[in-house]
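The values are calculated or read from the model by the stated rules, or taken from the named source; none is laboratory data. Only a predicted model underlies this, so the values are computations on that prediction, with no experimental measurement involved. Glycine also receives a Cβ, built like all others from the backbone with ideal geometry; neighbour counts cover every protein chain displayed.
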Amino acid sequence: MNEQTSEARERAQALRSAIRRFYDEVLPPDLKLKSKHHQVLDKADYVQWMRLLNEQGWAIGHWPGEYGGQAWSLLERFAFEDQFARLGCPWIIPFGVKYVGPVIYTFGSPAQKARFLPRIATTEDFWAQGYSEPGAGSDLAALRTEAIRVDTSEGNHYVINGQKVWTTYAQWADWMFCLVKTTRDAQAQKAISFLLVDMKSPGVTVKPIPTMDGYRHVNEVWLDNVRVPVDNLVGAEGEGWTYAKFLLKNERTAGAIVGMAWHALDRLKGLARQHSAVPSARLQARIGELELRFLALEEAAYQAVEAMMRGTDHGAEASLIKLRGTELYQDIAEAAIDTLGFAGIAYDPADVHAGAHPPLGPDDAEGIIKDHLYNRAATIFGGASEIQRNIVAKGVLGL
Ligand SMILES: Cc1cc2nc3c(=O)[nH]c(=O)nc-3n(C[C@H](O)[C@H](O)[C@H](O)COP(=O)(O)OP(=O)(O)OC[C@H]3O[C@@H](n4cnc5c(N)ncnc54)[C@H](O)[C@@H]3O)c2cc1C
């Protein structure tokens, strides 16, 4: 281990300790309770949560110092996401601080930096990610939403027409970063530009898509003659694909899935102990196998982070962790439901909202079905498993 890595490890350990103290001493009881009971959080909860993280300097800890961050190493970044997920804390909403913020400070204009970055850090603006479209998910470059530039004496702007889909929390968003085609002439990827769209603009319509857990996380976003000032173009016209890929690299950091798998496994072990004095040999073997898969995942994640820090990574590490981590998480969730037997089937979507009547099923089973149903999507969003396998095949096997 070289000096740089050993120093980063120490800082990462110190961050983990600070997070555990924050959880014990600072996190308000209502947020803690909602997370513990796996209830859904509403916008006010998430804003409160993100602001608390920002007060600790953590929401943008990975940003460079000149933009208010702490220039965390990849190991600190991993520890931050992993430790909060292990504690079962709320999702660290990535759209502002993790996705669009770094794009703006890397490629944006001075005016965009001054206008957007401080409000991203404090979650004064809530952001959504407008990448996917019907027919353009895995094959993102096939997107069809068009932004035609119109220059007039009253100002220059783009007029956007098209549809985005699966847009998480668009119903709450003040802004959406959006991939659009600004020309019909160029080859697909060269036609793409990166625009910042004010969700209050006339012509923006958000339509919820109910998911099978009974909640509304995702939406269709319709853009009908939406006017966006040219000042909201990030970087250069036709260079959006470069920025989109830069963002996707940030999207695929591995900490959260490792921590989530640890938390779910810990909960599964607790359930197994509570629901039978001596868990059956079959259940013990199943948990043992899941635990081994977790240990392999955790070790692979540490090796990947350290390889990235040394610059010796092969480029497919994040895909491998995402693939194995999401599959493991889904298998743990299934094992938890099986452990509960018939009680595992009881589910009323109303239970996941705070203040609802006592949940169906055993007290310790809250949220298990919700998590199971929602996390079927984990092997789709952020790049479907088949796509991750293709990346691994290319990066590791050279196929
Ligand atoms: C809960 C949820 C939240 C989401 N949030 C957002 C969001 O906030 N913003 C956003 O922009 N998008 C979001 N998405 C969209 C997500 O990124 C896409 O669903 C994902 O990229 C897959 O695209 P698709 O749905 O069009 O499926 P498709 O790309 O049509 O894929 C369908 C199937 O074909 C397989 N497949 C496709 N191409 C290949 C290939 N080349 N080789 C092998 N198999 C292939 C896929 O793996 C998949 O199994 C979200 C999705 C979900 C489910």
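Return yes when SER6 is among the hydroxyl-bearing types (Ser, Thr, Tyr), surrounded by fewer than 17 Cβ atoms within 10 Å (Cβ to Cβ), over 25 Å from THR168 (Cβ atoms) and modelled with pLDDT of 95 or more and no when it is not.
Considered against the rule, which asks whether it is among the hydroxyl-bearing types (Ser, Thr, Tyr), surrounded by fewer than 17 Cβ atoms within 10 Å (Cβ to Cβ), over 25 Å from THR168 (Cβ atoms) and modelled with pLDDT of 95 or more, SER6 comes out as no.
Which residue is modelled with the lowest pLDDT, if the candidates are limited to the stretch 261-290 and must be of a type in the set (Gly, Ala, Ser) and surrounded by fewer than 18 Cβ atoms within 10 Å (Cβ to Cβ)?
Checked the stretch 261-290; the qualifying residue modelled with the lowest pLDDT is ALA277.
Results for (1) modelled with pLDDT under 90; (2) in contact with a strand residue (DSSP E or B) (Cβ under 9 Å, 6 or more places away or on another chain), shown as yes or no for each residue.
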| site | (1), (2) |
| --- | --- |
| VAL228 | no, yes |
| ASP231 | no, yes |
| ILE257 | no, no |
| ALA296 | no, no |
| MET309 | yes, no |
| GLU317 | yes, no |
| LYS322 | no, no |
| ALA336 | no, no |
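From the list GLY96, GLY88, which residue is in contact with a Ser or Thr (Cβ under 6 Å, 6 or more places away or on another chain) and of a type in the set (Gly, Ala, Ser)? Don't jump to the end; show me each part of the working.
Working: GLY96 fails: in contact with a Ser or Thr (Cβ under 6 Å, 6 or more places away or on another chain).
The match here is GLY88.
Looking only at the stretch 41-59, which residues are outside any helix (DSSP H, G or I) and over 11 Å from ILE92 (Cα atoms)?
Hits for the stretch 41-59 are LEU41, ASP42, GLN56, GLY57.
Is there a residue being over 22 Å from the mean Cα position of the chain (by Cα) and either in contact (Cβ under 8 Å) with a residue 24 or more places away in the chain or more than 18 Å from HIS263 (Cβ to Cβ) (or both) anywhere in the stretch 41-58? Reasoning before the result, please.
First pass over the stretch 41-58, keeping only residues over 22 Å from the mean Cα position of the chain (by Cα): none.
No, because not a single residue in the stretch 41-58 is over 22 Å from the mean Cα position of the chain (by Cα) and either in contact (Cβ under 8 Å) with a residue 24 or more places away in the chain or more than 18 Å from HIS263 (Cβ to Cβ) (or both).
Looking only at the stretch 162-183, filter to residues that are within 10 Å of the ligand (Cβ to nearest atom) and aromatic (Phe, Trp, Tyr); which one of those is surrounded by the fewest Cβ atoms within 10 Å (Cβ to Cβ)?
TYR169
Restricting the search to the stretch 205-233, which residues are within 16 Å of the ligand (Cβ to nearest atom) and within 26 Å of THR106 (Cβ to Cβ)?
Listed by number, the residues that qualify are VAL221, LEU223.
Based on what the data block shows, is GLY235 surrounded by 15 or more Cβ atoms within 10 Å (Cβ to Cβ), of a type outside the set (A, V, I, L, M, F, W, C) and at pLDDT 95 or above?
Judged against the criteria, GLY235 is a match.
Restricting the search to the stretch 80-119, which residues are within 16 Å of the ligand (Cβ to nearest atom) and either assigned to a helix (DSSP H, G or I) or surrounded by fewer than 21 Cβ atoms within 10 Å (Cβ to Cβ) (or both)?
Selection gives TRP91, ILE92, PRO94, PHE95, GLY96, VAL97, LYS98, TYR99, VAL100, GLY101, VAL103.
So how many residues does the stretch 363-399 have that are among the charged types (D, E, K, R), more than 12 Å from the ligand (Cβ to nearest atom) and touching a helix residue (DSSP H, G or I) at 6+ places or on another chain (Cβ under 9 Å)?
Here the count works out to 4.
Just a yes or no: is a residue in the stretch 244-266 in contact with a His (Cβ under 9 Å, 6 or more places away or on another chain) and in a helix (DSSP H, G or I)?
There is at least one residue in the stretch 244-266 that is in contact with a His (Cβ under 9 Å, 6 or more places away or on another chain) and in a helix (DSSP H, G or I).
Restricting the search to the stretch 86-120, which residues are within 12 Å of the chain's Cα centre (by Cα) and among the small types (Gly, Ala, Ser)?
GLY96 - this is the single residue of the stretch 86-120 that is within 12 Å of the chain's Cα centre (by Cα) and among the small types (Gly, Ala, Ser).
Checking VAL221 against (1) farther than 25 Å from ASP139 by Cα; (2) modelled with pLDDT of 90 or more, which test does it fail?
(1)
Quick check on my filter: what residues within the stretch 121-146 are of a type in the set (A, V, I, L, M) and either within 16 Å of the ligand (Cβ to nearest atom) or at positive phi (or both)?
First, pick out the residues of the stretch 121-146 that are of a type in the set (A, V, I, L, M): 121, 128, 136, 140-143.
If the condition is that a residue be of a type in the set (A, V, I, L, M) and either within 16 Å of the ligand (Cβ to nearest atom) or at positive phi (or both), then ALA128, ALA136, LEU140, ALA141, ALA142, LEU143 are the ones that fit.
Within the stretch 43-79, can you find the residues that are buried (at least 20 other Cβ atoms within 10 Å of the Cβ) and of a type in the set (Val, Ile, Thr)?
Passing the criteria: only ILE60.
Can you run down the residue pairs with Cβ atoms below 8 Å, 6 or more apart or on separate chains, where the first is in the stretch 382-393 and touching a residue at least 24 places away in the same chain (Cβ under 8 Å) and assigned to a helix (DSSP H, G or I) and the partner is polar (S, T, N, Q) and within 6 Å of the ligand (Cβ to nearest atom)?
Close Cβ pairs (under 8 Å, with a partner that is polar (S, T, N, Q) and within 6 Å of the ligand (Cβ to nearest atom)) amount to GLU386/SER138; ILE387/SER138.
Those residues that are small (Gly, Ala, Ser), surrounded by fewer than 21 Cβ atoms within 10 Å (Cβ to Cβ) and farther than 25 Å from VAL97 by Cβ, I need them from the stretch 128-161; list them, please.
GLY135, ALA136, SER138, ALA141, ALA142, SER153, GLY155
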